[in-house]
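These notes concern the structure reproduced below.
The values are calculated or read from the model by the stated rules, or taken from the named source; none is laboratory data. Because the structure is a prediction, the values reported are computed rather than measured. Using ideal geometry, Cβ is built from the backbone for each residue, glycine included, and neighbour counts are taken over all protein chains shown.
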Amino acid sequence: MVWLAVCCCGCIPGDAHVDEEKDPHFQRGRNLVNGQDFKGAVQEFEKALDSNPRSAAAHFELGWLYEEKVGDFAAAIYHYQRYLELQPDSERSQAIDVPGRIRGCKQRLANTEFPLPNSQNLQREVDRLTAENMLLRQQLDVIRSQAAAHANIVPPRIETVTMAPTAAVVAPTSRVVQVQAPAAKPAEGHPRVHIVKGGETITSIAAQYGVKASAIEAANPQADPRRLRVGQSLNLP
């Protein structure tokens, strides 16, 4: 309602820049605003500034158009600030709260550049990370159990050797020789597991482990190499 009053009156009483609004481009811009041709109005007010770069009225009209009709908040801030520099004590500035409009444009500009995360997308990301965490825990439990099984040491085997009596020996003598068998080696060829991360392909995973992509595909017949999913588990040959 405040803006309509400004448009109808042409200026607020006491405004020191009434002559600026007599510029032909400025008046054509007002007419185009009334005709809902906002793009054409912007061009006319810009021409008014070409004729008079210190036209506070043209800066105000452009600030309002860029804010309300064009959605270019950075340009709106610039023209509002130029208006305040040229008319710091304007009654129009106080009536329409130009500083408040600048703050509003800055907030809307910040929301455009750094939008808040969508709650639905955020929940999907939380669910994905939770599922990936559970999968990693399960795989870690399997690896720990397998490592514990391979770490078992075979008990030493006791071998008894009996020496036959000789002429120099009065009584038979026997001695016990304990021979410790070598510790069992961990089974070789145990499959490794790789968790697919974002942007990875069969080729990049193969290069990472120094194996062929075809070998990874053969070890994972159930996986589609062209459609790997983040968090997917792949056996490594």
Here the qualifying pairs (Cβ atoms under 7 Å; residues six or more apart or on different chains; first in region 36-64 and acidic (Asp, Glu); second surrounded by fewer than 24 Cβ atoms within 10 Å (Cβ to Cβ) and part of a helix (DSSP H, G or I)) come out as Glu44/His25; Glu44/Arg28; Glu44/Leu32
Before we move on, is Ala75 at negative phi, buried (at least 16 other Cβ atoms within 10 Å of the Cβ) and of a type outside the set (Ser, Thr, Tyr)?
-> yes
Number of the condition not met by Arg229 [criteria: (1) of a type outside the set (Val, Ile, Thr); (2) modelled with pLDDT of 85 or more; (3) part of a helix (DSSP H, G or I)] = (3)
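Yes or no, residue by residue, for (1) of a type in the set (A, V, I, L, M, F, W, C); (2) modelled with pLDDT under 80; (3) surrounded by 11 or more Cβ atoms within 10 Å (Cβ to Cβ); (4) more than 30 Å from Ser55 (Cα to Cα):
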site: Ser90; (1), (2), (3), (4): no, yes, yes, no
site: Gln94; (1), (2), (3), (4): no, yes, yes, no
site: Pro99; (1), (2), (3), (4): no, no, yes, no
site: Asn111; (1), (2), (3), (4): no, no, yes, yes
site: Ser119; (1), (2), (3), (4): no, yes, no, yes
site: Arg137; (1), (2), (3), (4): no, no, no, yes
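Using the structure shown, decide if Pro191 is in contact with a strand residue (DSSP E or B) (Cβ under 6 Å, 6 or more places away or on another chain), loosely packed, with under 12 Cβ neighbours inside 10 Å and modelled with pLDDT under 90.
yes
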Take the residues of region 1-58 that are of a type in the set (D, E, K, R) and touching a Phe, Trp or Tyr at 6+ places or on another chain (Cβ under 8 Å): which is modelled with the highest pLDDT?
-> Glu44
